[in-house]
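*Asks:* The structure is given below, and queries will be raised subsequently.
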Amino acid sequence: MTVLALESSCDDTCAAVVDFDGRMRSNVISSQEAHGRFGGVVPEIASRQHLEIVNLVVERALEDAGATLEEVELVAATQGPGLVGALLVGLSTAKALAAARELPFAPVDHLQGHVAANFLRVADGGSNGSVGAEPFEPPFLCLIASGGHTLLGHVTGHDGFEVLGRTLDDAAGEAFDKGARMLGLGYPGGAALERLAADGDPRAFAFPGSAAETARGGRGARRKAFAQSLDFSFAGLKTALLYTLRDLPEAQAGARASDLAASYQAAIVDSLILRAERALERTGITRLAVGGGVAANGELRRRLGELGVALHVPARRLCTDNAAMIASAARFGERLPYPDYLALDAYATGESRR
Amino acid sequence: MIVLGLDTATPSSAAALRLADGRTSEARDDPRPGEHPGHATRLLGLARELLDEEGVGWREIERIAVGAGPGTFTGLRVGIATARGLAQSLGVELVSVSSLRALAHGALVAAEAGTDTSAGEWILAVIDARRGEVFAAAYRAREPGSLREVLAPVAVAPALLPELLARAQEEIGVRVPDWLAVGDGAIRYRAELDAGDVHVPSEDSPLHRVSAAAVCALGADAPAGGGYQSVLPDYRRRPDAELALRGVGAGEDPPR
Ligand SMILES: [Zn+2]
């Protein structure tokens, strides 16, 4: 039994073939590089590029899997949330691929996809890299942090999760990218910021949300109430970096760049760790999975490792946006027979499923 | 040859099925003004309705023809992604057709069939490009069913169209007695066009719709191209972000 899935919610064009037992047979990711000069993903450009290569990516995914369309029994695609114009390219392609063969179709929620990355069976030593061949089974908590979303989910089954907390403004990966840009590191700059932070002192600046700030105390009542919540907020951090840079004498800003990067990174990581820790305590669950591009951050991984719980970090190509996770979710989610899915539409970030 | 034709260049979604004997049936969704286009939600369903009505299976389709625009960007992408997905799944060839030419062709066929007598020899196809612009192209119907392009597709302010038409006439050395202007752009900018030698049919005339049957007819005659993956929208305009980056008015942009 074989699933073919497509994912195109942002700037990666992805297709994958996964068997119903969770064995990943291929996972093709084509990342767009056209957005760097704009300092962020441009939806119109992303949509154009998706359309140019989406069928080729599907072809590659089948080839890598040693499969043909004849073998595919279920087609899946990300329905939302994401950039609607980008989503519509993958969704329209997938619906057409399925309809022409009168196959069933599975519309998948992108965030459920990140959770379902943990249910994949990835052969060790495979070209995509992996941490283990066995799926990570519920119940567990899942921390998803990327450029598009930041949330903590309570996963009790294979087909859904309860949201314990989410970002009230920017996503964690967005905070990394914006900080990197302010420090003159280009876009996307998360990895560059991490490298710069390696030589810096994470306690040099007490940015909002950081343990250093908590240690110094002196916050208002509103912030204290927020500090008890499982929701995230990174907008204040971004502003704090902006003001710090503005107030530093020019000569110092350069000399202290690595301290700034380290302190800024620490504030993001502290914020994520603090809420993950709190959620584990409150639910009494001792298993934690992570997903999203920020899971590639070394400092976050190190700190997660210190939590003392059973930790599951999928391979990097399964943490960032990919279609194998969408196929994985499709195995457990809603499956519409032909022709019941022909009218499916995409939904944007902030919209709910229609 | 059995051809499935699709067009999503305007807010309408249109599908048509042309059978081996040339008989063609069309199904369409024309949203009322202000209504959300149904490209993503209606297009595939329309195609399925036609197949079911004619008792034709997906696998019997021998060619897919798609209107490549110019038109609304997201609409074009939904139509072309759908057409490419079908072509990939069925292993059949995909050809693209200019939506402006299909619009003109539809008007001509309607005139020849006598359903509307207003179509003459000279046709101006105009699709609303929003932001005060239109996508337009002009054609001359030499023989029945055959259109020669006399003004290549452009994205332009509607007020500039009369001047472009005058220049086109000069180039071909013909004084055109009257133009028939069709399309949602012709309806919207009637005031700019309906002067002197340009005639715009009434708003409810079917001549204003891009016909998927015309896409089928043009697609059936088109030579098979470079494979379905080479079929892409005719955007006719660069993304705003690129224009902003280059500075508006700098270099060769914007197109006209
Ligand atoms: Zn994601």
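The values are calculated or read from the model by the stated rules, or taken from the named source; none is laboratory data. Fair warning: this is a prediction, and the values are worked out from it, not measured in the lab. Note: ideal-geometry Cβ built from the backbone for every residue, glycine included; neighbour counts use all protein chains shown.
*Asks:* Exactly one of (1) in a loop (DSSP other than H, G, I, E, B); (2) within 16 Å of the ligand (Cβ to nearest atom); (3) among the hydrophobic types (A, V, I, L, M, F, W, C) is unmet by A:PHE136. Its number?
*Replies:* For A:PHE136, the failing item is (2).
Every residue, every condition in (1) surrounded by 24 or more Cβ atoms within 10 Å (Cβ to Cβ); (2) polar (S, T, N, Q), yes or no:
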residue: B:ILE80; (1), (2): yes, no
residue: B:GLY85; (1), (2): yes, no
residue: B:GLY91; (1), (2): no, no
residue: B:SER96; (1), (2): yes, yes
residue: B:SER99; (1), (2): yes, yes
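*Asks:* Taking the range A:235-264, which residues are among the hydrophobic types (A, V, I, L, M, F, W, C) and more than 22 Å from A:ALA171 (Cβ to Cβ)?
*Replies:* A:LEU248, A:ALA251, A:ALA253, A:ALA255, A:ALA257 - these are the residues of the range A:235-264 that are among the hydrophobic types (A, V, I, L, M, F, W, C) and more than 22 Å from A:ALA171 (Cβ to Cβ).
*Asks:* Quick one: which of A:SER26, A:SER8, A:SER47 is within 16 Å of the ligand (Cβ to nearest atom) and within 28 Å of A:ASP340 (Cα to Cα)? Spell out the reasoning first.
*Replies:* Details: A:SER26 fails: within 16 Å of the ligand (Cβ to nearest atom); A:SER47 fails: within 16 Å of the ligand (Cβ to nearest atom).
On inspection, the qualifying residue turns out to be A:SER8.
*Asks:* Go through (1) more than 28 Å from A:ARG316 (Cα to Cα); (2) of a type in the set (Ser, Thr, Tyr); (3) at pLDDT 95 or above and name the single condition A:THR214 misses.
*Replies:* (3)
*Asks:* Considering only the range A:331-354, state which residues are surrounded by 22 or more Cβ atoms within 10 Å (Cβ to Cβ) and within 16 Å of the ligand (Cβ to nearest atom).
*Replies:* A:ALA346, the sole residue that qualifies.
*Asks:* Would you point out the residue of the range A:97-110, among those that are away from chain B (no Cβ under 14 Å) and crowded, with 24+ Cβ neighbours inside 10 Å, that is nearest to B:ALA83 (Cα to Cα)?
*Replies:* Looking at residues that are away from chain B (no Cβ under 14 Å) and crowded, with 24+ Cβ neighbours inside 10 Å, I get A:ALA106.
*Asks:* If you check B:ALA111, B:ALA83, which single one turns out to be more than 11 Å from chain A (Cβ to nearest Cβ) and either part of a helix (DSSP H, G or I) or within 17 Å of B:GLY219 (Cα to Cα) (or both)?
*Replies:* B:ALA111
*Asks:* Quick one: A:PHE38 ticks every box in (1) within 16 Å of the chain's Cα centre (by Cα); (2) modelled with pLDDT under 95 except a single one, so which number is it?
*Replies:* (1)
Results for (1) touching a residue at least 24 places away in the same chain (Cβ under 8 Å); (2) of a type outside the set (S, T, N, Q); (3) within 8 Å of chain B (Cβ to nearest Cβ), shown as yes or no for each residue.
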site	(1), (2), (3)
A:SER30	yes, no, no
A:PRO43	yes, yes, no
A:ASN55	yes, no, yes
A:GLY66	yes, yes, no
A:VAL72	yes, yes, no
A:VAL75	yes, yes, no
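*Asks:* Also, I was wondering about something else. Of the conditions (1) at pLDDT 95 or above; (2) facing another protein chain (nearest Cβ under 7 Å), A:ALA86 clears all except one; give me its number.
*Replies:* For A:ALA86, the exception is condition (2).
*Asks:* Hand me the list of helices (runs of 4 or more DSSP H) wholly inside the range B:125-234 holding 3 or more residues that are of a type in the set (Gly, Ala, Ser).
*Replies:* B:212-221
*Asks:* Does A:SER92 fit the bill of being of a type outside the set (A, V, I, L, M) and either part of a helix (DSSP H, G or I) or under 19 Å from B:THR74 (Cβ atoms) (or both)?
*Replies:* Against the criterion (of a type outside the set (A, V, I, L, M) and either part of a helix (DSSP H, G or I) or under 19 Å from B:THR74 (Cβ atoms) (or both)), A:SER92 qualifies.
*Asks:* Now, a different point. Check B:TRP58, B:TRP122 and return the single one that is crowded, with 18+ Cβ neighbours inside 10 Å and modelled with pLDDT of 95 or more. Walk me through it before giving the result.
*Replies:* Values: B:TRP122 fails: modelled with pLDDT of 95 or more.
Going through B:TRP58, B:TRP122 in turn, the sole match is B:TRP58.
*Asks:* Still on this structure, I have one more. Please work out which residue is farthest from the other protein chains (Cβ to nearest Cβ), limiting yourself to the range B:37-52 and to residues that are in contact with a Ser or Thr (Cβ under 7 Å, 6 or more places away or on another chain) and part of a helix (DSSP H, G or I).
*Replies:* So, considering only residues that are in contact with a Ser or Thr (Cβ under 7 Å, 6 or more places away or on another chain) and part of a helix (DSSP H, G or I), the one farthest from the other protein chains (Cβ to nearest Cβ) is B:LEU50.
*Asks:* Of all residues being more than 16 Å from the ligand (Cβ to nearest atom) and aliphatic (A, V, I, L, M) in the range A:11-23, which is farthest from the other protein chains (Cβ to nearest Cβ)? Just the residue, please. Walk me through how you get there before you give the answer.
*Replies:* We begin by selecting, within the range A:11-23, every residue more than 16 Å from the ligand (Cβ to nearest atom); these are A:17-23.
If we keep only those that are aliphatic (A, V, I, L, M) as well, we get A:17-18.
Details: A:VAL17: 15, A:VAL18: 19 Å.
Within the range A:11-23, the match that is farthest from the other protein chains (Cβ to nearest Cβ) is A:VAL18.
*Asks:* Could I ask something else about it? Given (1) in contact with a Gly (Cβ under 9 Å, 6 or more places away or on another chain); (2) within 16 Å of the ligand (Cβ to nearest atom); (3) modelled with pLDDT of 95 or more, where does A:GLY148 come up short, assuming only one miss?
*Replies:* Looking at each condition in turn, A:GLY148 falls short on (3).
*Asks:* Still on this structure, please answer the following. Would you mind finding the one in B:GLY69, B:GLY34, B:GLY55 that is of a type in the set (Gly, Ala, Ser) and within 14 Å of another protein chain (Cβ to nearest Cβ)?
*Replies:* Within the list B:GLY69, B:GLY34, B:GLY55, the selection yields B:GLY69.
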